[in-house]
Amino acid sequence: MSLNLVDCLDLPARQYPERPAVALDNFVLSYAELQAAAKRVANLLHAKNIGPGSRVVVMLPNIPQFAMIYYGVLYTGATVVTLNVLFKSREILHVLEDTQAAALFVWKDLAQEAVEAFDMAAACHSLIQVESALIPEVPETGESFVSLFAQADTEFDKAQTNPDDTAVILYTAATSGKALGAELTHFNMFQNAQTCGLILLKYTPEDSLLAALPLFHSFGQVVMLNAPLLAGAKVVMLPRFEAGKVFEAIREHGVTVIALVPTMFHYFLYGKKDDDYDVSKIRLAVTGGAAMSMELADKIRDRYGIQVLEGYGLTETSPVVSFNPSPEKNRPGSIGLPIWGVEVQIMRPDGTFAKPGEEAEIVIRGHNLMKGYLNAPEATEAIFQGGWLHTGDRGYMDADGYIFITGLIKDMLLCSGLNVYPKEVELVLEEHPAVAEAALAGKPEEIRGEEGIAFVILREPLDDAEKVLTAHCRKHLASYKCPRRIHLVDTLPRTPEGALDKAALRAMLIA
């Protein structure tokens, strides 16, 4: 049996060739046009001997070229690796080396960090800079996307890939501090898109969905790209989240479905207090990535008449695990019921299952589980135990099977819906010659959910320490990972076993 994730585009392109597929402001591509564009990308990659077994890194914001290149890579049978556009050269280089990527596509306006990484990556032989206009610009390093695209043919016979071949690799940080690439198969991604879009959310060709969530992230990629296209709907791109732009897009494109993380919903609620916007066409609003307060959900319902439905997922689960199935069956405060084909249990430390209402670790099995972490068998073995994927999230189920998250077992922060692993930040801080030891803890924050606060022991005096160390972090880490404050301390709290006591640090921040 052959299955290629590009069928999310191929199938509707046959059925709805003239319907709008993707839009950005006044620029709209039909399904036939998007398919032809993706095949051009496939041909330009094929000319570089990129195909099955190759990996291609894509660093683009939410623009039509993201969809062109994403599906173009899949047409060739290669694996697409999507990265946060804010990543620094250190983070990019790690991915290029870990995947042995053959090519790197990068947004020209944000290319500096990628160029630095490309220059240090021995295996990556092609850097393609994607311009914002249709006029080719010859970059100092690499090649012009517009130029290569214009020369490529629009006919391409897609590669026959197997369901368990890796379609996408998405990087997630880990408690060790090293980013790990979750290998997601064609079956993982296609089934999650089909289950979420067609069965659960019931997307139709009449829907217009606002892609405000970053498409390089698993949530946006499946729920706001693969799933709506598979249904023949229109995807409205928003390169950068701004409340005003959200409302403009809703008005101009008749948006019927929105998906935002709670931080975005906060600005959706408060961003334009004095203007009257018509959101009456919105039939569905969903959230995930972090817990949404019931107070915020109530305010959105009261002001706009929109009930926000909450779901849950992880990069390693392709990503959706559970969802509140409808406004009528919504259970506020819950992340809903497991989606079709996915099992969720609450597992005690001894491996037995908890009773309704009893808290323990959330574990998962089903069609959405990744193959494993690329080049990391020990980390893969650690997350898969006894046939279940162990999430590191703590929660419980009620008597009706609705899941509630109560906290984290793993050492992780959720900042504006994005995962931040303290170990990665701590290692960067400890690379500074003046730092003896560092610890990062999360402080609750109304809009972002949490913000990272670092505690640092210096080995030698350092003038303007907070400013210097903040600049050091910003040089090596994406901005959302960098601590908001840095406190200089003489000692750090420890457990009786000598480990850092993160609970004590968090208590200090809340006090």
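The values are calculated or read from the model by the stated rules, or taken from the named source; none is laboratory data. Just so it is clear, the model here is predicted, and its values are computed rather than measured. All Cβ positions, glycine included, derive from the backbone under ideal geometry; neighbour counts span all protein chains shown.
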Test set (1) over 22 Å from PHE265 (Cβ atoms); (2) crowded, with 22+ Cβ neighbours inside 10 Å - ILE453 fails condition number:
(2)
Picked from the range 356-402 (must be more than 22 Å from the chain's Cα centre (by Cα) and part of a strand (DSSP E or B)), the residue surrounded by the most Cβ atoms within 10 Å (Cβ to Cβ) is MET397
Given the conditions (1) assigned to a helix (DSSP H, G or I); (2) touching a Cys at 6+ places or on another chain (Cβ under 9 Å); (3) among the β-branched types (Val, Ile, Thr), every one holds for ILE486 apart from (1)
Within the range 138-150, the residues that are more than 21 Å from PHE216 (Cβ to Cβ), part of a loop (DSSP other than H, G, I, E, B) and either among the charged types (D, E, K, R) or within 27 Å of the chain's Cα centre (by Cα) (or both) are GLU140
As an exercise: evaluate VAL468 against (1) out of contact with any strand residue (DSSP E or B) (no Cβ under 9 Å at 6 or more places or on another chain); (2) aliphatic (A, V, I, L, M); (3) assigned to a strand (DSSP E or B) and give the number of the one condition it does not meet.
(3)
Looking at the range 110-130, which of its residues are surrounded by fewer than 20 Cβ atoms within 10 Å (Cβ to Cβ) and either of a type in the set (Phe, Trp, Tyr) or in contact with a Pro (Cβ under 9 Å, 6 or more places away or on another chain) (or both)?
LEU110, VAL115
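Residues checked against (1) closer than 26 Å to TRP107 by Cβ; (2) assigned to a helix (DSSP H, G or I); (3) of a type in the set (Val, Ile, Thr):
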| residue | (1), (2), (3) |
| --- | --- |
| GLU183 | yes, no, no |
| LEU213 | yes, no, no |
| VAL222 | yes, yes, yes |
| LEU225 | yes, yes, no |
| VAL236 | yes, no, yes |
| PRO239 | yes, no, no |
| GLY244 | yes, yes, no |
| PHE247 | yes, yes, no |
If we ask which residues in the range 315-341 are exposed (fewer than 15 other Cβ atoms within 10 Å of the Cβ), touching a strand residue (DSSP E or B) at 6+ places or on another chain (Cβ under 6 Å) and over 23 Å from TYR396 (Cβ atoms), their number turns out to be 0
From the list ASP153, ASP164, which residue is touching a residue at least 24 places away in the same chain (Cβ under 8 Å), part of a loop (DSSP other than H, G, I, E, B) and under 24 Å from TRP340 (Cα atoms)?
ASP164
When the range 466-487 is examined, which residues are found to be crowded, with 17+ Cβ neighbours inside 10 Å and either aliphatic (A, V, I, L, M) or free of Cβ contacts under 8 Å to residues at least 60 places away in the same chain (or both)?
LEU469, THR470, HIS472, CYS473, LEU477, ALA478, CYS482, PRO483, ILE486
So, HIS125, is that one within 28 Å of PHE241 (Cα to Cα) and modelled with pLDDT of 95 or more or not?
no
All positions within the range 131-169 that are of a type in the set (A, V, I, L, M) and surrounded by fewer than 18 Cβ atoms within 10 Å (Cβ to Cβ)
ALA133, LEU134, ILE135, VAL138, ALA150
